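**Q** Below is one structure. I have some questions about it.
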Amino acid sequence: MKLALSPLEAWQPLPAGEWNEAAARHLLRRVAWSAPPGEVARALREGLAAALERLFPAAPPLMPTPPSVVTLEEDTPAFARKLAAATPENRRELLRQARERSRDALLDLTVDWLQHARQPDCAATEKWTLFLSDVYVVAAQKVPNTALLCRHQELLRAHGAGPAPALTKAVLRSPAMINYLDLQQSRAGAPNENFARELLELFTLGIGHYTENDIKEAARAFTGYRQRQGEFFFARRLHDAGGKTIFRRTGRFDGDAVIDLIYQQPAAGTHLPARLTRFYLTDEALPGEHLAALGAWWRGTGYDLRQLTHRYFSSRLFFDAQFRGACIKSPVQYYLGLLQDFSLDVPPLPRRIVPAFRLMGQMLYNPPNVRGWVGGREWISSTTLEARRLVARALFQPIDRARLNADEQEALESARAAGRAAFTVSDDGLRAHAGPDPEATAARLLEALLPLAPADAYRRALAAALTGDGGPTRSASPANGRLRNAAVAILETPEYQLC
Amino acid sequence: MKNLPNALPTTRREFLHRGAKGIGLLAFAHYAPSFLVASARAEMPAASRDRTVLVLIQLAGGNDGLNTVVPYEDDRYYRLRPTLGIPKDQVLKLDARVGFSPACTGLHRLAQEGKLAIIQNVGYPNPNRSHFRSTDIWETASDSNETVFTGFIGRYFDNCCSGAPAPAEPLGVHLTGEVPEVFLADREHPTFGVAPFGGRRQGRENLDLLEKLLHQPGGDENESASYLRHTMMDALVTERRVQRLLDDYRPGAEYPRDPFALELRNVAALIAGGLSTRVYFVSLGSFDTHVNQLGRQEALLRTLGDGLAAFQRDLEAHRLADQVTAMTFSEFGRRPMENDGKGTDHGTAAPLFVMGARVKGGLHGAPPDLNVGRNQDLAYQIDFRQVYATVIDRWLAGNSTAVLGRKFEPLDFI
């Protein structure tokens, strides 16, 4: 990567004179899902610093716990009692039913989260929460209890604006994490290294900044951190309270003490910013010195996450020209951005949405492994591109209600009654993008949808397609068909996959 | 049909590699795919006689088996269904015990011609009555207490077809808006969606425009954009080819004018066009008839039967009938006892249909036992994975034990 900025210059705030529409759009497309004109105007009026204060507030907007998750949790003690009293055969049946309830709840949670995240006022917080869940990974495949997955996400959201050490300590106590990385099986005398290893390698420091011995000793400290029926508790008698040597320090460290030691290492300052860069900015690694400069500063704040977001997203480096329009959208970004671009709501149809995400390569609440989603080019293959195209096209076709089963039809009705009815692009919705003539329409569409102006030839081809054979026509129906065709085509091009 | 020694290039990359010497890249690239497709088509050998094709037809929502294959001699049927019971004299008889709903004239004739196998009372142990979950089970061929993330066809692809056709040839084609779970696999296999997008003309216009836009990179395009562009261009080669096959096809039979029949016609077009695709997936629905079942199910069954009959005639006219077998599946049957809404609720076992020239037509298995209490469900007799095993081993020349995870006894319909 070629950076003209020095490590010092890189993290200086963007000069006020450079805070313009293009910069605002770049910011919104990166920290949220898209750059609706209203949001862009607002950000420009406030100025960059104020916009970031609003987008990354001290108290992040919380997402209400979905009713199906609440029900799961309420049923947990009664269910545990039934299970304990059951015969082996009934046990199997009970467990099967519980798994099914949890799976249904996961579908609800997925759709609920998408609906929540789609709101402009929640978008930045939710994308940040998604980022944190890509670092502090838990996955449905190994943690089939949706209530635990939901609470884990709530934890990340609630602690996501505070100090990173506090977040890490909260994660240590997350029942989902306790199950995912085998803390539940870890005890004095037989410590399980899984959590310790992934904590050091992936969550906080990165390879090369700890020794195998550090892992072994840290694993001893993480014994006794358990969960019962979805509640954390510390099992003192299972905890190894002996002396340990970690990072060349010796003491009777427990889990929290080890985390404090971790955050004394210099690498703690650069690891999360490096992951942040990969998630929000670019596939390429930033030069070591630039990261180190940011890391040293961040450490000085006590690893305050909110301050990190403000510093990072207001920096000259973040707004550098080479990064504009160069990031491949994740499936979530693609989908939610698409909905926002056309003012659509998330339909209450998990059967349509969840498989689409799987095909696009991002099963929400279920990253493929503890590394999280790699992102960038890894999102793209002919299969995943095909999946994106199918998603885009489906939004331009009315929902065929006859094909829906009874539950889905009911859910659709409820949503309509609640005023959330725009699930596919209507003719009116399309006309909102139209201009007085094909050239103007092409310009408006491209301005609204693409991060950067495309090649002239692209724009001309689009305008020509909007004109149709035999010149412009006044008839509404063929013109609308051409407009529809043009909009969908743009969504399928490489230019729209970038932000 | 493996890659022929001097096969014409079917991907843009291949074409460029073979050399478009002295010709401006962009200028030629715009025309290359169509040009290639046209000439490739002229030289393409006829669809291989060795490669069999499976067409999966999903009856989405849970088709009521008892009102499809009607046990017209069983008093209990009429007691369970005072309103919904189909009168004996309307039933299209198959044998002394069961017959088709009068809506199934197409299916009935196919059965009489020996081209339709009716596998009765198919289900699985510990049945699940949730649409989503039971569809999962049928598509992944899992046990009802397991969650598997790959489809049985995806695993068939993993097992039998890795590295075979050129990248431009999809192994599986689905005529639905979403990729079906049956196609999900551990390894990546090219699949392709022929989704109804506003009609054929609009689909073609969309493709024309997309190709134009795709060939207009900006001067200093960044690496991500470049990567995206190349991947998409490859995908468009298939799209163009498919579009052309669909446009140029002359069916050998007249199809009814409904979307389902159109999808079957498109399947026939792609098979006849020589695509090396092994599995096609089509969906019809919704069969979720909780209320006012009679009219709704009748309409769907008529669509199913008439569409399949036309499809079979078309294949025969093109001499492809020996190569193609179609199979229906549905996530569950429905409750024997009718409900208060003149409909039926989610149930369990039901018959499924396998159609083809090489199928042993007629009834297989036995009708379900209707000795059920109020609101009780049918007990299955044939595990659907036996049906799959039969198809995988005897029709697709695959390894059903590897694909399904264990051995299921094949049946006798192929």
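The values are calculated or read from the model by the stated rules, or taken from the named source; none is laboratory data. Note that the coordinates shown come from a computational prediction; the quantities given were computed from them, not determined experimentally. Cβ placement follows ideal geometry from the backbone for every residue including glycine, while neighbour counts extend to all protein chains displayed. Note: accessible area is taken over every heavy atom of the protein model, side chains too, but ligands, DNA and RNA are not part of it. Shrake-Rupley method; radii C 1.70, N 1.55, O 1.52, S 1.80 Å.
**Q** Considering A:Asp345, A:Asp304, A:Asp283, which residue is within 14 Å of another protein chain (Cβ to nearest Cβ) and acidic (Asp, Glu)? Step through it out loud before you land on a result.
**A** Values: A:Asp345 fails: within 14 Å of another protein chain (Cβ to nearest Cβ); A:Asp304 fails: within 14 Å of another protein chain (Cβ to nearest Cβ).
Only one candidate passes the filter, namely A:Asp283.
**Q** Considering every residue within region A:88-102, establish whether at least one is hydrophobic (A, V, I, L, M, F, W, C) and more than 14 Å from every other protein chain (Cβ to nearest Cβ). Reasoning before the result, please.
**A** Let us first name the residues in region A:88-102 that are hydrophobic (A, V, I, L, M, F, W, C), namely A:94-95, A:98.
Those still in the list that are more than 14 Å from every other protein chain (Cβ to nearest Cβ) too: none.
Scanning region A:88-102, I find no residue that is hydrophobic (A, V, I, L, M, F, W, C) and more than 14 Å from every other protein chain (Cβ to nearest Cβ), so the answer is no.
**Q** Which one of these does B:Thr238 not meet: (1) part of a loop (DSSP other than H, G, I, E, B); (2) of a type in the set (Ser, Thr, Tyr); (3) within 20 Å of B:Glu178 (Cα to Cα)?
**A** Going through the list (1) part of a loop (DSSP other than H, G, I, E, B); (2) of a type in the set (Ser, Thr, Tyr); (3) within 20 Å of B:Glu178 (Cα to Cα), B:Thr238 breaks only (1).
**Q** Further question on the same structure: Given B:Gly295, B:Gly356, B:Gly333, B:Gly343, which one is within 17 Å of the chain's Cα centre (by Cα) and under 20 Å from B:Cys104 (Cβ atoms)? Talk me through it step by step, then tell me what you get.
**A** Values: B:Gly295 fails: within 17 Å of the chain's Cα centre (by Cα); B:Gly333 fails: within 17 Å of the chain's Cα centre (by Cα); B:Gly343 fails: within 17 Å of the chain's Cα centre (by Cα).
Every option except B:Gly356 fails the conditions.
**Q** Taking B:Pro217 as meeting all but one of (1) touching a Phe, Trp or Tyr at 6+ places or on another chain (Cβ under 9 Å); (2) crowded, with 19+ Cβ neighbours inside 10 Å; (3) within 8 Å of another protein chain (Cβ to nearest Cβ), write down the number of the exception.
**A** Failing condition for B:Pro217: (2).
**Q** A further question on this structure: Only one of A:Ala51, A:Ala22, A:Ala41 is in contact with a helix residue (DSSP H, G or I) (Cβ under 8 Å, 6 or more places away or on another chain) and either among the aromatic types (Phe, Trp, Tyr) or part of a helix (DSSP H, G or I) (or both); which? Can you show your working first?
**A** Details: A:Ala22 fails: in contact with a helix residue (DSSP H, G or I) (Cβ under 8 Å, 6 or more places away or on another chain); A:Ala41 fails: in contact with a helix residue (DSSP H, G or I) (Cβ under 8 Å, 6 or more places away or on another chain).
Matching residue, one of A:Ala51, A:Ala22, A:Ala41: A:Ala51.
**Q** Please note which helices (runs of 4 or more DSSP H) are completely contained in region A:244-350 and include at least 2 residues that are touching a residue at least 40 places away in the same chain (Cβ under 8 Å), open to solvent by 10 Å² or more (accessible area, probe 1.4 Å) and charged (D, E, K, R).
**A** On the way: elements: A:255-262, A:267-280, A:288-300, A:305-313, A:331-341.
In region A:244-350, the matching helices (runs of 4 or more DSSP H) lie at A:255-262, A:267-280, A:305-313.
**Q** Check region A:410-418 and report whether any residue there is polar (S, T, N, Q), in contact with a Pro (Cβ under 8 Å, 6 or more places away or on another chain) and more than 10 Å from every other protein chain (Cβ to nearest Cβ). Even if it seems obvious, please write down each step before you answer.
**A** Filtering region A:410-418 down to residues polar (S, T, N, Q) leaves A:414.
Restricting the remaining residues to those that are in contact with a Pro (Cβ under 8 Å, 6 or more places away or on another chain) gives A:414.
From what is left, the residues that are more than 10 Å from every other protein chain (Cβ to nearest Cβ) are A:414.
Checked against the condition, which is being polar (S, T, N, Q), in contact with a Pro (Cβ under 8 Å, 6 or more places away or on another chain) and more than 10 Å from every other protein chain (Cβ to nearest Cβ), region A:410-418 yields at least one hit.
**Q** Among (1) surrounded by fewer than 19 Cβ atoms within 10 Å (Cβ to Cβ); (2) of a type outside the set (Gly, Ala, Ser); (3) in a helix (DSSP H, G or I), where does A:Thr110 come up short?
**A** Tallying (1) surrounded by fewer than 19 Cβ atoms within 10 Å (Cβ to Cβ); (2) of a type outside the set (Gly, Ala, Ser); (3) in a helix (DSSP H, G or I), A:Thr110 fails exactly one: (1).
**Q** Shifting gears a bit: From the list B:Asn121, B:Asn128, which one is open to solvent by less than 10 Å² (accessible area, probe 1.4 Å) and at pLDDT below 95? Can you show your working first?
**A** Numbers: B:Asn121 fails: at pLDDT below 95.
Result of the check over B:Asn121, B:Asn128: B:Asn128.
**Q** Of all residues in region B:173-190 being at pLDDT below 85 and within 7 Å of another protein chain (Cβ to nearest Cβ), which is least open to solvent (accessible area, probe 1.4 Å)?
**A** Going residue by residue through region B:173-190, those that are at pLDDT below 85 are B:176-179, B:186-190.
From what is left, the residues that are within 7 Å of another protein chain (Cβ to nearest Cβ) are B:177-179, B:188, B:190.
On the way: B:Gly177: 33, B:Glu178: 71, B:Val179: 18, B:Glu188: 121, B:Pro190: 46 Å².
If we take residues in region B:173-190 being at pLDDT below 85 and within 7 Å of another protein chain (Cβ to nearest Cβ), then B:Val179 is least open to solvent (accessible area, probe 1.4 Å).
**Q** On to the next question. Out of the residues in region A:392-405 that are open to solvent by 20 Å² or more (accessible area, probe 1.4 Å) and out of contact with any Gly (no Cβ under 8 Å at 6 or more places or on another chain), state the one that is nearest to B:His346 (Cα to Cα).
**A** First, the residues of region A:392-405 that are open to solvent by 20 Å² or more (accessible area, probe 1.4 Å): A:393-394, A:397-403.
Of the ones still in play, those that are also out of contact with any Gly (no Cβ under 8 Å at 6 or more places or on another chain) are A:398-401.
On the way: A:Pro398: 27, A:Ile399: 24, A:Asp400: 22, A:Arg401: 19 Å.
Taking the candidates together, the pick is A:Arg401.
Conditions (1) basic (Lys, Arg); (2) buried (at least 22 other Cβ atoms within 10 Å of the Cβ); (3) assigned to a loop (DSSP other than H, G, I, E, B), marked per residue:
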residue: A:Lys82; (1), (2), (3): yes, no, no
residue: A:Glu93; (1), (2), (3): no, no, no
residue: A:Lys142; (1), (2), (3): yes, no, yes
residue: A:Ala158; (1), (2), (3): no, no, no
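**Q** Looking only at region B:271-289, how many residues end up being open to solvent by less than 10 Å² (accessible area, probe 1.4 Å), within 18 Å of B:Ala309 (Cα to Cα) and not in a strand (DSSP E or B)?
**A** Qualifying residue count for the region: 1.
**Q** Which of the residues belonging to region B:378-414 are more than 19 Å from the chain's Cα centre (by Cα), in a loop (DSSP other than H, G, I, E, B) and among the hydrophobic types (A, V, I, L, M, F, W, C)? If you could, list the steps in order and put the result at the bottom.
**A** Taking region B:378-414 and keeping what is more than 19 Å from the chain's Cα centre (by Cα), we get B:378-383, B:399, B:401-402, B:405-412.
Checking the rest, the ones that are also in a loop (DSSP other than H, G, I, E, B) come to B:378-381, B:399, B:405-412.
Result: B:Leu378, B:Ala379, B:Phe408, B:Leu411.
**Q** So, one more: So, A:Ala16, is that one touching a Lys or Arg at 6+ places or on another chain (Cβ under 7 Å), farther than 21 Å from A:Ala448 by Cβ and open to solvent by 20 Å² or more (accessible area, probe 1.4 Å) or not? Spell out how you get there, then give the answer.
**A** Numbers: touching a Lys or Arg at 6+ places or on another chain (Cβ under 7 Å): no; farther than 21 Å from A:Ala448 by Cβ: yes; open to solvent by 20 Å² or more (accessible area, probe 1.4 Å): yes.
No.
**Q** Can we say A:Asp427 is away from chain B (no Cβ under 12 Å), in contact (Cβ under 8 Å) with a residue 40 or more places away in the chain, in contact with a helix residue (DSSP H, G or I) (Cβ under 9 Å, 6 or more places away or on another chain) and charged (D, E, K, R)?
**A** Details: away from chain B (no Cβ under 12 Å): yes; in contact (Cβ under 8 Å) with a residue 40 or more places away in the chain: yes; in contact with a helix residue (DSSP H, G or I) (Cβ under 9 Å, 6 or more places away or on another chain): yes; charged (D, E, K, R): yes.
So A:Asp427 fits the description; yes.
**Q** State which residue is nearest to B:Val173 (Cα to Cα) when the search covers only region B:211-235 and only residues that are part of a loop (DSSP other than H, G, I, E, B) and polar (S, T, N, Q). Break it down stepwise before answering.
**A** Start the filter on region B:211-235 by keeping residues that are part of a loop (DSSP other than H, G, I, E, B), which leaves B:215-222.
Filter once more, keeping what is polar (S, T, N, Q): B:216, B:222.
Details: B:Gln216: 29, B:Asn222: 33 Å.
If we take residues in region B:211-235 being part of a loop (DSSP other than H, G, I, E, B) and polar (S, T, N, Q), then B:Gln216 is nearest to B:Val173 (Cα to Cα).
**Q** Going through region B:267-309 one residue at a time, which ones are closer than 26 Å to B:Glu239 by Cα and of a type in the set (A, V, I, L, M, F, W, C)?
**A** B:Val267, B:Ala268, B:Ala269, B:Leu270, B:Ile271, B:Ala272, B:Leu275, B:Val279, B:Phe281, B:Val282, B:Leu284, B:Leu308
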